[in-house]
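Scroll down for the structure; my scribbles are underneath it.
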Amino acid sequence: MTRGTLITLAPTGAESAKADVPALPVTVEEVAATARDGQAVGAAVLHLHVRDADTRPTLDLPRVREVVAAVRESSDLVVQLSTGGAVTDPADARLAVLDAEPDAASLSLGTVNFGRDVFSNPWDLIVELHTQMQQRSIIPEYEAFDLGHLATLTRLLDRHGPPAGGHVHVDLVMGVPGGMPGTTAALAACLPALPPGATFAATGVGRTSLPVMLAALSAGGHLRVGMEDTLTYAPGEPVRDNAQLVARAAGLARIAQRPPLSTDEARRMLGLTPNPVEAVP
Ligand code: KMH
Ligand code: ZN
């Protein structure tokens, strides 16, 4: 079992409107402050969707670069750009996000119904993202929305080799309407399908956030939390800010005696920096 817990913060996403959720960080300054505050309470990775000046989701490269630079200025978090974008984003724009030179990027492993929409991830796009990230030394976080997506991951690695850095890290995105449910049983079903040596995190959308977090910790997994996935802290109580969600995850990780990994520890775990060679006695 992994000794510490990697906490990824997904603060914004592409689905919620600022007008509906005033606490959602969307400006460059808000995202930079969210990164700083999230790191202070235990986050090590930032899963980043960018918004434009009108608060709408955007993959505009200058804007993405500006937000990445601001996050690197305000924090030491591993910057993981979303290549999933919004359900309406075309594949070429999603691939072009890699030009912003993040440390890491998400890589969704299959098409899934996404509420009333379809989040499209055909095989050729998966392969293109995987190979481009290999060539650019960008660390993928493989996102599985359903059990079959893990079979796709095994096929991808068999045919196209390991990712940059050599380590495979998977995020189980659970509770999306159309994907696998956010339950302990579904999480347990995924575990035998993970590639050997892989680490995993889990995130439960909406009200599945807490059960998924507890199930992931009990299974030696890592956590992703944030307002991309969860807008209600408790029944009838809106999330105050992203730091509130990170602090809760960090508290549960400490109770599990697997405290939050620092950003340096996270970089080593993910293969962004080499592990120090064990001293030979
Ligand atoms: N916004 C969703 C359609 C990712 O970031 O890689 C896709 C998503 C996945 O959030
Ligand atoms: Zn995302």
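Just so it is clear, none of the values below were taken in a lab; they were calculated from the coordinates. Keep in mind it's a predicted model, so treat the numbers as computed, not measured. Cβ coordinates were reconstructed from backbone atoms using ideal geometry, including for glycine residues, and neighbour counts include every protein chain displayed.
In a reduced charge model with +1 at each Lys and Arg Cβ and -1 at each Asp and Glu Cβ, the chain shows a dipole moment near 700 debye about its Cα centre. In terms of other Cβ atoms within 10 Å, Arg155, Arg116 run from fewest to most in the order Arg116, Arg155. Working ranking of peptides 221-228, 197-204, 180-187 by packing, defined as the average number of other Cβ atoms within 10 Å per residue, highest first, is 221-228, 197-204, 180-187. With the highest mean first, a sort of the peptides 67-78, 96-107, 166-177, 17-28 on other beta-carbon atoms found within 10 angstrom per residue produces 166-177, 96-107, 67-78, 17-28.
Rounded to the nearest 20 debye, the dipole magnitude of region 193-281 is 140 debye, with +1 charges on Lys and Arg beta carbons, -1 on Asp and Glu beta carbons, and the Cα centre as origin.
Compute the separation of the alpha-carbon centres of region 1-35 and region 129-148 and state it in Å as a whole number. A separation of 21 Å, based on Cα centres. DSSP beta bridges confined to region 147-265 are antiparallel in about 20 percent of cases.
Ranking Ala201, Ala216, Ile126 by Cα position along the charge dipole of region 60-216, where only Lys, Arg, Asp and Glu carry charges on their C-beta atoms, puts Ala216 farthest toward the positive end. Charge dipole (Cα centre; +1 on Lys/Arg Cβ, -1 on Asp/Glu Cβ; no other charges) of region 6-95 amounts to roughly 120 debye. Considering only Gln257, Leu245, Leu231, and ranking their Cα positions along the charge dipole of region 185-281 that arises from unit charges at the beta-carbon of Lys, Arg, Asp and Glu, the one farthest toward the positive end is Gln257. Once the convex hull of all Cα atoms in region 35-125 is built, its volume per residue stands at 114 Å³.
Of all DSSP beta bridges confined to the chain, the antiparallel ones make up roughly 20%.
Positive end of the dipole of the chain (Cβ unit charges, origin at the Cα centre): among Val28, His160, Leu59, the Cα lying farthest that way belongs to His160.
Each Lys or Arg adds one and each Asp or Glu takes one away; over the other residues whose Cβ falls under 15 Å from the Cβ of Gly175, this sums to -4. Tell me what the chain gives for mean residue ellipticity at 222 nm when only DSSP H runs of n ≥ 4 count, each as -39,500 (n - 2.57), the sum divided by the residue total, rounded to 500 deg cm²/dmol. The helix-only estimate for the chain comes to -11000 deg cm²/dmol at 222 nm. Counting neighbouring Cβ atoms within 10 Å and putting the fewest first, the residues Glu141, Glu237 line up as Glu237, Glu141.
Listed by Cβ neighbour count within 10 Å, with the fewest neighbours leading, Tyr233, Tyr142 appear as Tyr233, Tyr142. Count charges around Glu143 for me, please; just the other residues with Cβ under 11 Å from its Cβ, Lys/Arg as +1, Asp/Glu as -1. After counting each charged neighbour, the total is -2. Neighbours of Leu191 by Cβ distance under 15 Å: Lys/Arg scored +1, Asp/Glu scored -1, total -2.
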